[in-house]
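Please read the structure below before turning to the comments.
The values are calculated or read from the model by the stated rules, or taken from the named source; none is laboratory data. Given the structure is predicted, the values throughout are model-derived calculations rather than measurements. Neighbour counts run over all protein chains shown; Cβ positions are idealised from the backbone, glycine included. Surface accessibility is based on the protein's heavy atoms, side chains included, excluding ligands, DNA and RNA. Shrake-Rupley method; radii C 1.70, N 1.55, O 1.52, S 1.80 Å.
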Amino acid sequence: MATGIFKTPPPKNEAITPFSPNTDARLSLRRELEACTQDVIEIPCYVNGQAIRTGRTVEIRMPSDHQTVLAIAHLATPEITNQAIEGALKAKHDWENLPWQERTAVFLRAAALLAGPWRDRLNATTMLGQAKTCHQAEIDAACELIDFWRFNAHYYEQILSEQPPVSPTGIWNRLDYRPLEGFIFAVTPFNFTSIAINLPCAPAMLGNVAVWKPSITQLYSAWEGMQLLIEAGLPPGVINFLPGQGADVGDIAITHPDLSGLHFTGSTGTFQHLWKKIGDNIGSYRSYPRIVGETGGKDFILAHTSADVNALAPAIVRGAFEYQGQKCSAASRIYVPRSLWSNLKSKVLDIMSELKQGDIRDFSNFTSAVIDERAFIKHSDYLDIAHSSANVIHGGNADRTTGWFIEPTLVQVDDPKHRLMGEEIFGPIATVFVYDDNQWSEVIDSVNTTSPYALTGAIFANERYAVQEASQKLRNAAGNFYVNDKPTGAVVGQQPFGGGRASGTNDKAGAPLNLLRWLSPRTIKENFNPPKHWDYPFLK
Ligand code: NAD
C-alpha cells in the first residue's frame with residue numbers, strides 16, 4: 001500500500017469557454033448537439049454496477065422543442081430501490097476502507113475527463129435536456145462540476161489534517177474522520193447539472209455510499225454524469241442511480257433504518273415533506289440522519305439613490321432572466337428609488353427589447369424555454385396574476401406551440417407586500433417596487449420581512465453608509481450577499497453557496513462546511529505510558 005502524507009493538486013477555477021463565433025470549441029459543441037439528436041437513447045437505473053431496464057418508462061423531451069424526444073428513461077420500482085440500498089450497503093466496507101487518496105483520485109480523474117473529452121457531451125446534454133444556452137451549460141455542467149470535484153478534494157485533505165492541537169507528553173490525540181454509518185440519500189433538482197451530480201459525489205469522496213434520485217427533467221445529463229463517473233473508475237454500488245418519481249423512491253429510502261443522511265436540493269415544499277418524514281420515523285433509524293437541504297429563494301436587488309444605473313440595468317437583466325429565471329439565486333424582486341426609476345426603466349427596457357428567445361441550438365438566443373409543461377402552466381398563472389393586479393411593463397406572454405416559452409417579463413407593483421414580491425416563481429418574471437427616496441429605512445425592513453426565503457440578495461449603492469446599513473440590517477436576509485453585483489453566479493471556492501430561513505440549512509455546497517456534515521469524527525486518545533497506581537495526591 002502506498003504510504004505518505006499526500007497532497008491534492010492545488011485547485012483552480014476552471015476557465016469558462018466563451019464559444020465565440022468560428023472557434024473550434026463552438027464547432028465541436030455544435031457537432032455534439034447534432035450527434036445527440038440523431039439517436040433516442042435509453043436511460044436505465046444503475047444499481048450495484050448493473051444497468052437495469054425496468055420497462056416503466058417516460059420520454060425525455062427537449063423543453064425548447066417539445067416534439068423532439070431525446071431519451072426513454074426506465075423508472076425505478078420499489079424493488080429496484082431496495083436493491084439499490086442493499087447494493088450501497090454492500091459496497092460500503094471496501095469503499096470506506098480504500099485509502100482516502102485513492103477515493104479522491106476517482107473524482108479528480110472525473111474532473112480531468114470532464115475538462116477534456118467529456119466536456120462537450122455534458123454541455124450538449126444539459127443544453128438539450130434542460131434548455132440552457134451554451135454559456136449557461138458551460139458555467140454549470142462543465143466549470144462548476146469540475147470545480148466541485150477539485151475543490152472538494154482539496155478541502156477533504158485540509159479537513160483530514162485538522163487534528164487536536166495539544167497532545168501532552170506521553171499522549172497522542174488524534175481525530176479519525178469516519179464516513180457516516182449507512183447510506184446517503186441524494187435527491188436533486190432539474191436546474192443545475194453540477195449540483196445534481198455533486199450531491200451524491202461529495203459524501204462519496206469521504207467514504208460514504210449513496211442512493212441518488214435525480215429529477216426526471218434532468219435525467220438526460222444526469223445519466224451522462226453517471227457514465228462519466230463509471231469511466232473515472234467509481235466502483236459498483238458506491239453511487240446508485242435511480243431515475244424515479246419522487247415518492248416511489250423517496251418513501252422507501254427516507255424511512256429505511258440505514259438512512260444516514262439526506263443531501264437535498266430542490267423546492268422548500270419537497271424538503272419540508274422529506275424532513276417531516278424523517279421526523280415521523282426518528283425512532284427507527286440506526287443513527288440520527290444528517291439533513292442538508294438547499295431550497296427555494298426570492299432573491300432581491302435593492303438599489304440606493306447613489307446606485308450606478310449603468311451597472312444596475314445589466315445586473316437586473318442577467319440576474320433575473322438568464323436561464324429563464326430558473327436559478328434559485330435569480331433576482332426576482334427589485335427595489336428602486338423613485339429618482340432613479342425612469343432612467344433605469346428605459347435602460348432595462350432597451351436591453352430587454354434586444355433579448356432573443358428560442359431554441360438553445362441557435363446560439364444567438366439569450367433565453368429559452370422553461371423546463372416542462374408543469375412549469376409553463378405555473379408561470380402562465382403568475383402572468384395572469386401580473387396582468388390582473390399589477391403593471392406589466394415588458395413581456396407578459398406565453399407560447400407553447402413548439403416549446404415551453406414564457407417571455408422575459410418585468411412587472412411593477414404598488415404594494416411592496418404584493419404576492420409577486422414574496423412568492424418564489426422560478427421563471428422569467430421579475431417584479432419591481434418603486435419606493436420614495438426618503439423611505440430607504442422602511443424599504444430595507446420590507447426587503448427583510450416580505451418573503452420567507454433568505455438565499456441571495458444584492459445592494460447597489462455608491463454611498464458607503466448605505467452599503468453598511470443594508471448589509472447590517474439584511475444580515476439574515478441572504479446567505480449570499482452581493483455589493484454592486486448581480487445575486488447569481490456564485491463560484492465554487494470563492495463564494496460558498498447557500499441560504500437560511502426557508503431557503504435551506506445553509507451548509508454551503510462546495511465548501512468544507514458541507515463536507516463536515518458527511519463525516520462523524522472519532523476521537524482517539526493513546527496513552528504511551530498509562531499510570532500504574534489508582535490513588536491521587538489529595539488522598540494522602
Ligand atoms: P422539486 O422539489 O420539485 O424536486 C427536487 C427533487 O425532489 C426531484 O428529484 C424530485 O423528483 C424530488 N422529489 C419530489 N418529491 C419527492 C418525494 N416525495 N420523495 C423523494 N424525492 C422527491 O424541485 P425542482 O423543481 O427540481 O427544483 C427547483 C427548486 O430547487 C426551486 O425551488 C429552487 O429554488 C431550488 N433550488 C435551490 C438551490 C439552492 O442551492 N438553494 C439550487 C437549485 C435549485
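Summary table
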| item | result |
| --- | --- |
| Filter pass, A105 being over 19 Å from the mean Cα position of the chain (by Cα), within 22 Å of Q227 (Cα to Cα), open to solvent by 30 Å² or more (accessible area, probe 1.4 Å) and not charged (D, E, K, R) | yes |
| Strands (runs of 3 or more DSSP E) within the stretch 255-324 that include 3 or more residues within 13 Å of the ligand (Cβ to nearest atom) | 259-265, 290-294 |
| Failed criterion for N448 (all others in (1) under 28 Å from the mean Cα position of the chain (by Cα); (2) not in a helix (DSSP H, G or I) hold) | (2) |
| Residues within the stretch 487-540 that are modelled with pLDDT under 95 and within 16 Å of the ligand (Cβ to nearest atom), tallied | 2 |
| The stretch 32-65: number of residues that are under 24 Å from V370 (Cα atoms) and of a type outside the set (D, E) | 15 |
| Some residue of the stretch 352-361 being in contact (Cβ under 8 Å) with a residue 24 or more places away in the chain and within 30 Å of V467 (Cα to Cα) | yes |
| Matching residues, the stretch 382-417, being within 16 Å of the ligand (Cβ to nearest atom) and either open to solvent by 10 Å² or more (accessible area, probe 1.4 Å) or at pLDDT below 95 (or both) | Y382, W404 |
| Selection within the stretch 59-84 - hydrophobic (A, V, I, L, M, F, W, C), part of a strand (DSSP E or B) and in contact with a Pro (Cβ under 8 Å, 6 or more places away or on another chain) | A73 |
| Some residue of the stretch 22-41 being more than 28 Å from Y323 (Cβ to Cβ) and either in contact (Cβ under 8 Å) with a residue 24 or more places away in the chain or part of a strand (DSSP E or B) (or both) | no |
